[in-house]
Amino acid sequence: MSSRREFLSRSALALSAALLGRSVRLEALQGGGPSAPVTPVFTPIRRNVGFFTGRGGTIGYLATNEGVAVVDSQFPDTAALCLEGLRERSGGRHVDVLINTHHHGDHTGGNIAFREATRRVVAHVTAAAHMKAPPGRPAPEGENYYPTEFFMDRWATAVADEVIRAAHYGRAHTSGDIVVLFERANVVHMGDLVFNRRHPVVDRPAGASLAGWIEVLERVTATYDADTVYIFGHAGEKHPVTGSRDDLGVMRDYLTALLEHVRAAQKAGRSREEALAVTSPLAGFPDHGPLNPTILGAAWDELAAG
Ligand SMILES: [Zn+2]
């Protein structure tokens, strides 16, 4: 026990030192102003599984005195708040495993805050490579804590009385997205495979595919059941970051409608510039707000590439 306590207090010291350095750099990047205030919120779902919201992609967690697992890590500052809250919920226990759903910085930037707390970081093999060298984006600044275990299709582990399974269903938001199931709780973390009622990021340089994304959502929906609670990476204002398979259906239908809308523009002989100038909402999806050149461009370029 004493070695565990020592381990934890050394971790806390190392973490504060790392965060001090990091927050200075963040403030420098933001022109010296203070960071936007963050309200960390832990929301239980069931069987010790819940979700944490601060800033960036939603974090999923399992926290008991017998085991702790974390899915995604947001940013260093919010990850530290998350870790602090998880320790309160687990009697000061270390983290058994940290899982990254994909490589984006708002889901992995906080890994560094977990370096002293866990020895296991798991990701899809492609996501792990993209964390170090994100395609089409500058390499991340500063140090991070990179995955220690990778997989291609399926991965599983036991933590406390829970079984955690991860699976890759193909290209979608990136080429390294995974879905993470807490089996006994019947809770699935979707990473950024669901932007609930919000235009999604489509990372084409990292291998994203809207057509693939539609198929992935269909396969996921067919894999789990009507009682499954899904955690979403992001949601539109006034929309929740959890939901049911009906919400996966809305996301799939939105992606289908988006591709159809842009395909119709191409068939009608419009130029890329004309098609991307549309700002009305996508027909049938008013909650997503006005269309914009970024999302329309992603659809245009995918269709144009065949
Ligand atoms: Zn993402």
Filtered residue count, region 192-229, keeping only those that are within 14 Å of the ligand (Cβ to nearest atom), closer than 17 Å to F51 by Cβ and either acidic (D, E) or out of contact with any helix residue (DSSP H, G or I) (no Cβ under 9 Å at 6 or more places or on another chain) (or both): 1
Total residues in region 180-212, condition of a type outside the set (S, T, N, Q) and touching a Lys or Arg at 6+ places or on another chain (Cβ under 9 Å): 15
A113 being among the hydrophobic types (A, V, I, L, M, F, W, C), within 18 Å of E66 (Cβ to Cβ), away from the ligand (no atom under 16 Å from the Cβ) and buried (at least 19 other Cβ atoms within 10 Å of the Cβ): no
Residue ID - farthest from R93 (Cα to Cα), chosen from residues in region 161-177 that are touching a strand residue (DSSP E or B) at 6+ places or on another chain (Cβ under 6 Å) and surrounded by fewer than 20 Cβ atoms within 10 Å (Cβ to Cβ): A167
Qualifying residue in region 124-131 (condition: in contact (Cβ under 8 Å) with a residue 12 or more places away in the chain and more than 16 Å from the ligand (Cβ to nearest atom)): yes
Residue identified as touching an Asp or Glu at 6+ places or on another chain (Cβ under 8 Å), more than 15 Å from D72 (Cβ to Cβ) and small (G, A, S) among G170, G142: G170
Cβ-Cβ under 8 Å pairs, at least 6 apart or on other chains, region 47-58 side more than 21 Å from D227 (Cα to Cα) and among the β-branched types (V, I, T), far side assigned to a loop (DSSP other than H, G, I, E, B) and more than 16 Å from the ligand (Cβ to nearest atom): T53/P40
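Among the residues of region 230-244, write down those that are of a type outside the set (S, T, Y) and either within 16 Å of the ligand (Cβ to nearest atom) or surrounded by fewer than 19 Cβ atoms within 10 Å (Cβ to Cβ) (or both).
Scanning region 230-244 gives I231, F232, G233, H234, A235, G236, E237, K238, H239, P240, V241.
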Matching entry among H168, H173, H189 (being within 16 Å of N100 (Cβ to Cβ), within 16 Å of the ligand (Cβ to nearest atom) and in contact with a helix residue (DSSP H, G or I) (Cβ under 6 Å, 6 or more places away or on another chain)): H173
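Where a number appears in this text, it was derived from the coordinates with a stated rule and is not lab data. Keep in mind that what you see is a predicted model, and the values were worked out from it rather than measured. All Cβ positions, glycine included, derive from the backbone under ideal geometry; neighbour counts span all protein chains shown.
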